[in-house]
1. Could you count how many residues in the range 185-195 are surrounded by 15 or more Cβ atoms within 10 Å (Cβ to Cβ) and touching a Leu at 6+ places or on another chain (Cβ under 9 Å)?
2. LEU51 passes all but one of (1) in a loop (DSSP other than H, G, I, E, B); (2) crowded, with 19+ Cβ neighbours inside 10 Å; which number fails?
3. Has the range 25-40 got at least one residue that is basic (Lys, Arg), surrounded by fewer than 19 Cβ atoms within 10 Å (Cβ to Cβ) and modelled with pLDDT of 95 or more?
4. It is to be established whether one or more residues within the range 58-70 are open to solvent by less than 20 Å² (accessible area, probe 1.4 Å) and farther than 23 Å from ASN285 by Cβ.
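The values are calculated or read from the model by the stated rules, or taken from the named source; none is laboratory data. Just so you know, these numbers come straight off a predicted model, no measurement behind them. Glycine also receives a Cβ, built like all others from the backbone with ideal geometry; neighbour counts cover every protein chain displayed. These area figures cover heavy atoms from the full protein model, side chains too; ligands, DNA and RNA do not enter into them. Shrake-Rupley method; radii C 1.70, N 1.55, O 1.52, S 1.80 Å.
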Amino acid sequence: MTKLLSSSAIALAFVASPNAALADLKVVASFSILGDIVEHIGGDSVAVTTLVGADQDAHIYIPNVSDARSVARADVVFLNGLGFETWADDLVAGSGTSATVVSVAEDLPLELHGDDHDDHDDHDDHEDHDDHDDHDDHDDHDDHDDHEDHQEMDPHAHHDHGGLDPHAWGAMINAIAYADTIRAALSFADPENSEKYDENYGAFASAGLALRDGFAERISALSAPGTVVTSHDAFGYMAEETGITFLAPLGLNSASAASASQVRDLIEQLHGLPNAALFVENITNSALIDQISAETGAVVSTELLYSDALSGSEGPASTYLEWYGHNLESILSSLEGN
């Protein structure tokens with residue numbers, strides 16, 4: 001029977017139903033950003049199939065027969081959760097898979113509700129990231145078996161998610177938490193390779209924190225508060241972690257529609273902001289951003305922002321770490337230029 005588990009229930013599931021070590025653990029990841037993190041942690045010990053590929057929008061994705069076949073054959077299936085993959089429950093149930101299904105965006109160090117996004121310009125002290133350092137202390141990677149915080153949490157605490165924003169990977173501390181959940185799941189499924197998964201997790205966490213902290217000085221040195229406009233509200237967690245304000249005429253789902261009043265209100269708001277940068281996302285068309293540019297005089301960046309998907313292998317954001325670095329480099333270059 002398919003097991004739908006939060007990260008805090010992974011250990012119990014595998015203790016109850018242990019798997020023998022597998023040479024190539026068959027793993028499915030729902031979308032490209034998650035698939036890349038799984039590949040970072042699994043390395044050559046796992047065979048990863050990613051359902052929603054590069055430059056594709058998971059919000060509007062329609063699974064196919066091949067996807068169902070991949071899920072049916074999988075040992076572990078990784079989903080983002082928080083309602084991001086609206087099609088996932090039907091796909092998993094219809095596939096008849098016996099895989100363990102893990103939602104990685106559970107029990108995160110940084111959580112945002114949809115209505116929290118109204119407050120993104122109230123970040124007076126984000127150049128000091130110590131507020132989140134309780135979960136950031138990944139320098140000691142030898143203590144992965146101590147997950148007391150996760151084990152004490154109710155595995156069903158976020159079942160209805162309370163309107164949580166699903167784009168949690170936008171904050172590096174959350175991406176590292178994703179990686180830790182993936183590490184735990186792979187280690188229980190394939191204990192013979194657990195040391196490799198620990199090492200890969202440690203390398204990912206160290207690289208991620210170094211990348212994040214490398215941008216912090218530039219962010220704090222901005223001469224004027226920066227505002228970034230994108231089509232849909234996919235960067236709330238990056239806003240919370242960095243202190244950069246993000247505005248969007250569309251909501252959390254790229255498939256939603258912006259009303260004329262929403263666009264008008266945003267345009268009026270931008271007239272009072274001295275340092276705004278407009279970006280088109282890789283998964284959306286440019287119509288809304290072009291309209292906002294025409295009515296405000298703000299210039300649209302020549303760089304795309306990658307929101308819900310990586311770029312192709314030849315693009316600038318073909319891995320999660322590149323995704324994070326490209327987006328922040330593009331944003332800061334534009335704001336500094338303004």
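1. Total meeting the criteria: 6.
2. (1)
3. Taking every residue of the range 25-40 in turn, at least one turns out to be basic (Lys, Arg), surrounded by fewer than 19 Cβ atoms within 10 Å (Cβ to Cβ) and modelled with pLDDT of 95 or more.
4. yes
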